[in-house]
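Here the structure is laid out as C-alpha cells; the discussion comes afterwards.
The values are calculated or read from the model by the stated rules, or taken from the named source; none is laboratory data. Not measured: the values here are computed from a predicted model. Methodologically, a virtual Cβ is constructed for each residue, glycine included, from the backbone with ideal geometry; neighbour enumeration extends over all protein chains shown.
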Amino acid sequence: MRAAGRLIGLVREELRRMVRPGVTTLELDAAAEKMIRDSGALPTFKGYHGYPFSICASVNEQVVHGFPSKYVLKEGDIFSVDCGATLEGFVGDTATTVPVGKVSEDRLKLIRVAEESLERAIAQCRPGKHLGDIGWAVQEHAEAHGYSIVRDYVGHGIGRKMHEDPQIPNYGKPGTGVRIKAGYVFAVEPMINMGTHYTKTLSDGWTVVTLDGKPSAHVEHTIAITEDGPEVLTQVTEKVPEAEAVNA
Ligand code: MF3
Ligand code: CO
Ligand code: CO
C-alpha cells in the first residue's frame, strides 16, 4: 500500500505542476498514464466499470468523474484531477483541485476549505475514533464557510481493490458509525460545493456536475490507520499551505 500510495502521490504532484492555461486535460491524462506505466504500475481507473481513461478530469462545476478531453484549461478555471495506480497488487487513490493561472478569491477559498476539511478528517483517522468523526470533521468545517457537502459520492476503504468497505461519507455525527482500528486503510475524499450539494450525471454516463452549475472542489488521500494515528500514504510533499503558488 505504501509503494502504490507514494507512486500515485508523485503522479498527482507532477500533474499539479503541469496544470496551466493552454494545456488540455487529455494531455494530462496521457502524461499520468505514462508515469504510472513507466513505474511498473497500472492505471487503476482505465477499464474500471468501463471507465475509458487513466485520470478523472473535472473542471469548475464538474464534481467528479469528468472525462479528459480536448478542453483547453483557461485562466480562472479550477481543475480537479483524481488518479489511481495499482502496484504490486495494491491500489493508491488521490485527488487534488488546482487553480489554473490567476483564479478568483472565492474559488481559491473553496479549494482552501476543501483542503482544510481533508486535513481535519485525517486528524480523526486514529484507532478508537468512529467514521462519523471523519464525516463530521469535513461537514463542520465546510458548512461553517457556507459551502455544501456532496452526499451522492463518498470515500471508501481501499486495498487490493480501489473501492472496498466501508463507505466513508463526508458528513456524519461524532461518535457514530464503524469504530476505527489500526490496519484499516481509507480513501477520504471531500467533495465541497460552493452552492447546492445536489448533483446530476451528464449524458456520457460519468461526468458528475453540480445541479446549480456553481464550482466544486475535490481532494483525496489514501490513509493507513496505525496505532500511532494516520499515515497519509499519498502525501509526498512537505506541508506548506501558504506556499500555494499561482501557475500562470
Ligand atoms: N478514484 C475515484 C474515487 O476516488 C473513482 C474513480 S471511478 C473510475 O473513488 F472509474 F474513474 F475509476
Ligand atoms: Co479517487
Ligand atoms: Co476514492
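With a requirement of 3 or more residues that are within 14 Å of the chain's Cα centre (by Cα), more than 13 Å from ligand 1 (Cβ to nearest atom) and of a type outside the set (Phe, Trp, Tyr), none of the strands (runs of 3 or more DSSP E) lying completely within the stretch 22-107 satisfies it.
On the basis of being over 14 Å from the mean Cα position of the chain (by Cα) and farther than 22 Å from Val103 by Cα, does Val178 make the cut? Before you say what the answer is, go through the steps one by one.
Numbers: over 14 Å from the mean Cα position of the chain (by Cα): yes; farther than 22 Å from Val103 by Cα: yes.
Spelling it out, Val178 is indeed over 14 Å from the mean Cα position of the chain (by Cα) and farther than 22 Å from Val103 by Cα.
If you go through the stretch 36-56 and keep only what is within 19 Å of Met18 (Cβ to Cβ) and in contact with a Cys (Cβ under 9 Å, 6 or more places away or on another chain), you end up with Ile36, Pro43, Phe45, Ser54, Ile55, Cys56. Taking the stretch 189-210, which residues are surrounded by fewer than 14 Cβ atoms within 10 Å (Cβ to Cβ) and not polar (S, T, N, Q)? The answer is Tyr198, Lys200, Leu202, Asp204, Gly205. Only one of the listed residues (Ala31, Ala57) is buried (at least 24 other Cβ atoms within 10 Å of the Cβ), without any contact (Cβ under 8 Å) to a residue 60 or more places away in the chain and within 23 Å of Thr207 (Cβ to Cβ). That residue is Ala57. Kindly establish whether Val113 is crowded, with 18+ Cβ neighbours inside 10 Å, modelled with pLDDT of 95 or more and not in a helix (DSSP H, G or I). Against the criterion (crowded, with 18+ Cβ neighbours inside 10 Å, modelled with pLDDT of 95 or more and not in a helix (DSSP H, G or I)), Val113 does not qualify. Within the stretch 147-162, residues that are assigned to a strand (DSSP E or B) sit with their Cβ atoms under 7 Å from residues that are β-branched (Val, Ile, Thr) and away from ligand 1 (no atom under 13 Å from the Cβ), at 6+ positions apart or across chains, in these pairs: Ser148/Thr196; Ile149/Val138; Ile149/Ile192; Gly157/Val185.
The sole residue among Tyr153, Tyr147 that is in contact with a strand residue (DSSP E or B) (Cβ under 8 Å, 6 or more places away or on another chain), closer than 16 Å to Ala217 by Cβ and within 16 Å of ligand 3 (Cβ to nearest atom) is Tyr153. Against the conditions (1) touching a helix residue (DSSP H, G or I) at 6+ places or on another chain (Cβ under 7 Å); (2) among the small types (Gly, Ala, Ser); (3) within 15 Å of ligand 2 (Cβ to nearest atom); (4) under 26 Å from His197 (Cβ atoms), Ser69 satisfies every one except (3).
Any idea which residue in the stretch 214-235 is surrounded by the fewest Cβ atoms within 10 Å (Cβ to Cβ), counting only those that are of a type outside the set (S, T, N, Q) and closer than 18 Å to Arg151 by Cβ?
Looking at the filtered set, the residue picked out is Lys214.
It is to be established whether one or more residues within the stretch 201-220 are of a type in the set (Phe, Trp, Tyr), assigned to a loop (DSSP other than H, G, I, E, B), touching a residue at least 40 places away in the same chain (Cβ under 8 Å) and within 16 Å of ligand 2 (Cβ to nearest atom).
yes
Scanning the stretch 157-212 for residues that are over 17 Å from Ile225 (Cβ atoms) and among the acidic types (Asp, Glu) yields a total of 2. Pick from the stretch 181-205 the residues that are farther than 26 Å from Asp106 by Cα and within 15 Å of ligand 3 (Cβ to nearest atom): which of them is nearest to the chain's Cα centre (by Cα)? Looking at the filtered set, the residue picked out is Ala187.
Scanning the stretch 43-66 for residues that are away from ligand 2 (no atom under 15 Å from the Cβ) and at negative phi turns up Pro52, Val59, Glu61.
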